[in-house]
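Student: Structure incoming, see below.
The values are calculated or read from the model by the stated rules, or taken from the named source; none is laboratory data. As the structure is a computational prediction, the values presented were derived from the model and not from experiment. Here the Cβ is made from the backbone with ideal geometry for all residues, glycine too, and neighbour counts use every protein chain on show.
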């Protein structure tokens, strides 16, 4: 079984080289796909130093970028991750081990803040626990790190490109109808807290909650767009 990594980017010159260096060091044969939304800060050039599978789209949209990358992927399992995350060295092996169970169609893991305050760390500990508990009822997944079985991903139609945010949770909902979504409690990926630092904790939390309620009730989000924070 093979894995592919798909990373959507937009003005990620500060992070992409560091992430790709780490991923390429894990397994030189790992397929790495970067789909860019029109960066002008050297993101594309930096990515091309690590992989020849770098694509630039004329239209932006994180769901669109991820779907495009998935169509280019050859792996049996596709791991979607954001450019500002830091996965541990053994993440690919851990993910592939989970997918040895043929019933598994998706997987996510603990996502923790990198170099953040005790308050944010405590919040994300609680949030990860909540997602872990919900995985037995209505599975969720954050787009910072989600792995899918390629066959199942294509079967449900991939990410909903209409959604400017929460497309990750929506995908987990739909995948859970055809198979199992696992929460890998022994795997932790660290992310930058740039959105929280720029917008503030309460504002981000308010956006999360309001958009989630709208997704559940109306199958759409309250936000019309999800502006990148760099």
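Student: Of all residues in the stretch 146-171 being assigned to a strand (DSSP E or B) and either without any contact (Cβ under 8 Å) to a residue 40 or more places away in the chain or in contact with a helix residue (DSSP H, G or I) (Cβ under 8 Å, 6 or more places away or on another chain) (or both), which is surrounded by the fewest Cβ atoms within 10 Å (Cβ to Cβ)?
Tutor: Only one residue tops the list, namely 146.
Student: Next up: Which ones in the stretch 103-137 are in a loop (DSSP other than H, G, I, E, B) and under 26 Å from residue 30 (Cα atoms)?
Tutor: 103, 114
Student: Can you confirm whether the stretch 125-139 contains a residue that is touching a residue at least 40 places away in the same chain (Cβ under 8 Å), in contact with a strand residue (DSSP E or B) (Cβ under 7 Å, 6 or more places away or on another chain) and surrounded by fewer than 16 Cβ atoms within 10 Å (Cβ to Cβ)?
Tutor: The answer is no, given that none of the residues of the stretch 125-139 is touching a residue at least 40 places away in the same chain (Cβ under 8 Å), in contact with a strand residue (DSSP E or B) (Cβ under 7 Å, 6 or more places away or on another chain) and surrounded by fewer than 16 Cβ atoms within 10 Å (Cβ to Cβ).
Student: Right, something else. Could you figure out which of (1) outside any helix (DSSP H, G or I); (2) within 18 Å of the chain's Cα centre (by Cα); (3) modelled with pLDDT of 90 or more isn't true of residue 220?
Tutor: Failed condition: (2).
Student: Determine which single condition residue 120 fails, assuming it passes every other condition in (1) crowded, with 19+ Cβ neighbours inside 10 Å; (2) in contact with a helix residue (DSSP H, G or I) (Cβ under 9 Å, 6 or more places away or on another chain).
Tutor: (1)
Student: Exactly one of (1) without any contact (Cβ under 8 Å) to a residue 24 or more places away in the chain; (2) over 28 Å from residue 119 (Cα atoms); (3) in a helix (DSSP H, G or I) is unmet by residue 177. Its number?
Tutor: Result: residue 177 fails condition (3) only.
Student: Report yes if residue 96 is touching a helix residue (DSSP H, G or I) at 6+ places or on another chain (Cβ under 8 Å), more than 22 Å from residue 226 (Cα to Cα) and crowded, with 17+ Cβ neighbours inside 10 Å, otherwise no.
Tutor: no
Student: Take the conditions surrounded by 14 or more Cβ atoms within 10 Å (Cβ to Cβ) and either out of contact with any strand residue (DSSP E or B) (no Cβ under 8 Å at 6 or more places or on another chain) or in contact (Cβ under 8 Å) with a residue 24 or more places away in the chain (or both) and apply them to residue 202. Does it pass?
Tutor: no
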